[in-house]
Each structure stands twice: as structure tokens, then as C-alpha cells.
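The values are calculated or read from the model by the stated rules, or taken from the named source; none is laboratory data. The structure displayed is predicted, hence computed values, not measured ones. Quick reminder, even Gly has a Cβ in these numbers, built from the backbone with ideal geometry, and neighbours come from all protein chains shown. To get the accessible areas, we keep the full protein, side chains included, count just its heavy atoms, and leave off ligands, DNA and RNA. Shrake-Rupley method; radii C 1.70, N 1.55, O 1.52, S 1.80 Å.
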Amino acid sequence: MRIFLAIYVFAIVATVSILGFRGSHSTKPPLEVFPDMDRQARYKPQAENEFFADGRNDRPVPAKTVARGDYFNQAEVFSAEFDDQTLGDTVLNQGKNADGQFVKTLPLEVSHALMAEGKAKFDIFCAVCHGAAGDGNGVTKPYGVLAANYHDERLRGVEDGYLFDVITNGKGLMLPFNDRISPEERWAIVLYVRALQRSQNADAKDLSEAQRTELGIK
Ligand code: HEC
């Protein structure tokens, strides 16, 4: 009998609490059963924070750490045999060969997919300052950001590794991107910057005879 009563009372309480107040309005603040979950002392993304010297809530990835779920293969990175092949690859990660010289060309195979990726990332990360054509006419120009023009003679002549280094570590007033763009994506951007440079510095002679005839260029 006691068990029956307990179940009976429980069923009534459950029914009333689940269905009883459906649709009713109240001006009182809602009940907070676990107030510490509703009101947490937490940092909001991209907000300011006086605690850190740079005033940012978002913290950069600490140097020499591997972010979980990043582009690294975790099983491989944390296995006993892992010999740091990817991290130790200076060409891929720093754009420099073993002697510390900037490499002349991309260490990745050039493909349309890589170019498309480079364009996508360029539009996200670089175009605001450097402009869609890479001429330094980004939307931030009126606010005083004087980003470099990729069509400068000097920048046409630099090695691919140098461009990679600028993206990785920043330069002068430009911020570094190594904490938010993976090495592969940085190389893809280098490829796209090269394409932009080519787009503003081409000659009719670069086309084949047939292509020129097709376009009506003599
Ligand atoms: C917040 C604005 C800003 C963004 C975003 C930005 N840059 Fe820059 N960039 C600059 C400024 C400013 C300079 C000039 C730096 C200097 O010489 O002080 C510069 C210079 C450069 C240079 C020339 C370096 C040299 O040797 O003169 C290259 C190449 C470059 N940026 C590439 C990139 C690429 C690629 C991206 C995207 C991954 C990018 N930048 C994103 C502002 C920006």
C-alpha cells in the first residue's frame, strides 16, 4: 500500500509539473534549479579581457603544442614511433630548407584544388587588407592600413618560401597567421598570391599562337 501511494503521489506530481503549467505566462523570473549553470563565470569568445597582457579573451595556441582535433593525425602523433616527421619538416612548416634559406617553390603538388583552397583562404584572411586583386586596396585602406601591393617588382621576385614566412610570422605591421592557418593552407595561399601576381603582369606572348588567334590578338 505504501509503495502504491508513493507511486500515486509521484505520478500526480510528475503530471502536474510536466503538463500543469503549459501555456501559462508569468512575469516572475524562471526558477533556476542550478543557478551556477545558468550564470557561469566564463569568458565569452572574442571579448576583451584585462587579465591577459594583450587584452584578448581568445588565447593563441601555445608554441610547440598540438591542438586536439586539428589537421594532425592524432593516433600518429601520440604513437610511440612518432618521429616528428611533420613537425620537423622545415620546408613545409617554415618555408626554409635545411640551411635556413627560403625555398624557391612550393613543397606541395600544384593542382586546381590547391589553387581553389588558396583563393578561399585568401578571401577570408587577406583580402580585407590587401584587396581582392592583391593591390593593397582592401576595405581597411580608408582606416589607415597600408597593406603591401603584391605587384611590386620586389615582391614578384621573392621566393615562395619568403611569402610563406610573411604569412606565418607576419611582417612589420602585419599580424602572424600561424595560429589560425595550417601550413598546407598557407602554401595554398602562396600559390594564389602567385596567380594574382601573374594576373597583373601577363603579356600576350604568354599565350599560344592558337589562343591568340581565338581571342583576336595579333
Ligand atoms: C590586418 C591587415 C592585413 C592582413 C589581414 C594581411 N596583411 Fe599582409 N600586410 C599588411 C601590412 C600592413 C603590410 C605591410 C607590412 C610592413 O611592411 O610593415 C603587409 C605586407 C604583406 C606582404 C609583403 C611583405 C614584404 O616583404 O613587404 C605580403 C607578401 C603579405 N602581406 C601577404 C599577406 C597574406 C598572404 C595575407 C593573408 C594570409 C595577409 N598578408 C594578410 C596587412 C595585412
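Looking at K104, K96, K119, K28, can you tell me which residue is modelled with pLDDT of 85 or more, more than 30 Å from E185 (Cβ to Cβ) and among the charged types (D, E, K, R)?
So the residue among K104, K96, K119, K28 that is modelled with pLDDT of 85 or more, more than 30 Å from E185 (Cβ to Cβ) and among the charged types (D, E, K, R) is K28.
Do we have any residue at all in segment 123-132 that's more than 10 Å from the ligand (Cβ to nearest atom), among the hydrophobic types (A, V, I, L, M, F, W, C) and under 20 Å from the mean Cα position of the chain (by Cα)?
Yes, segment 123-132 contains at least one residue that is more than 10 Å from the ligand (Cβ to nearest atom), among the hydrophobic types (A, V, I, L, M, F, W, C) and under 20 Å from the mean Cα position of the chain (by Cα).
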Open item on the list: Exactly one of these conditions fails for D99: (1) under 24 Å from A63 (Cβ atoms); (2) touching a residue at least 24 places away in the same chain (Cβ under 8 Å). Give me its number.
Closed with: (2)
Task: Unique residue being surrounded by fewer than 10 Cβ atoms within 10 Å (Cβ to Cβ) and modelled with pLDDT under 85 when the list is L5, L19 - done: L19
- [ ] Report, ordered by the first and then the second residue, all pairs with beta carbons closer than 6 Å, sequence separation of six or more or different chains, a first member in segment 167-188 that is over 16 Å from F102 (Cβ atoms), and a second member that is open to solvent by 60 Å² or more (accessible area, probe 1.4 Å) and more than 10 Å from the ligand (Cβ to nearest atom).
- [x] P176/N169; D179/V61; S182/Y71; A188/E117
- [ ] Determine whether G172 is surrounded by fewer than 15 Cβ atoms within 10 Å (Cβ to Cβ) and either closer than 22 Å to N93 by Cα or among the basic types (K, R) (or both).
- [x] yes
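Please verify whether segment 184-194 includes one or more residues that are more than 29 Å from P62 (Cα to Cα) and either of a type outside the set (V, I, T) or over 18 Å from the mean Cα position of the chain (by Cα) (or both). Lay out the reasoning, then the answer.
Just the residues of segment 184-194 that are more than 29 Å from P62 (Cα to Cα), to begin with: 194.
Subsequent filtering for residues that are either of a type outside the set (V, I, T) or over 18 Å from the mean Cα position of the chain (by Cα) (or both) retains 194.
Yes; the residues of segment 184-194 include at least one that is more than 29 Å from P62 (Cα to Cα) and either of a type outside the set (V, I, T) or over 18 Å from the mean Cα position of the chain (by Cα) (or both).
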Task: Hits in segment 155-189 (condition: within 10 Å of the ligand (Cβ to nearest atom) and in a loop (DSSP other than H, G, I, E, B)) - done: V158, G170, G172, L173, L175, P176, F177, R180, I181
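Of the residues in segment 196-214, how many are open to solvent by 20 Å² or more (accessible area, probe 1.4 Å) and either of a type in the set (D, E) or within 12 Å of the ligand (Cβ to nearest atom) (or both)?
Qualifying residue count, segment 196-214: 4.
I'd like the residue in segment 105-154 that is in contact (Cβ under 8 Å) with a residue 60 or more places away in the chain and assigned to a helix (DSSP H, G or I) and, out of all such residues, is most open to solvent (accessible area, probe 1.4 Å). Don't jump to the end; show me each part of the working.
Pass one, segment 105-154, residues in contact (Cβ under 8 Å) with a residue 60 or more places away in the chain: 106-108, 110, 114-115, 117-119, 121-122, 125-126, 133-135.
With the extra rule that they be assigned to a helix (DSSP H, G or I), the set shrinks to 114-115, 117-119, 121-122, 125.
Details: L114: 20, M115: 61, E117: 64, G118: 0, K119: 89, K121: 49, F122: 0, F125: 53 Å².
The extreme case among them is K119.
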- [ ] Name, by its number, the condition in (1) open to solvent by less than 90 Å² (accessible area, probe 1.4 Å); (2) of a type in the set (A, V, I, L, M); (3) modelled with pLDDT under 90; (4) over 28 Å from I189 (Cβ atoms) that does not hold for A47.
- [x] (3)
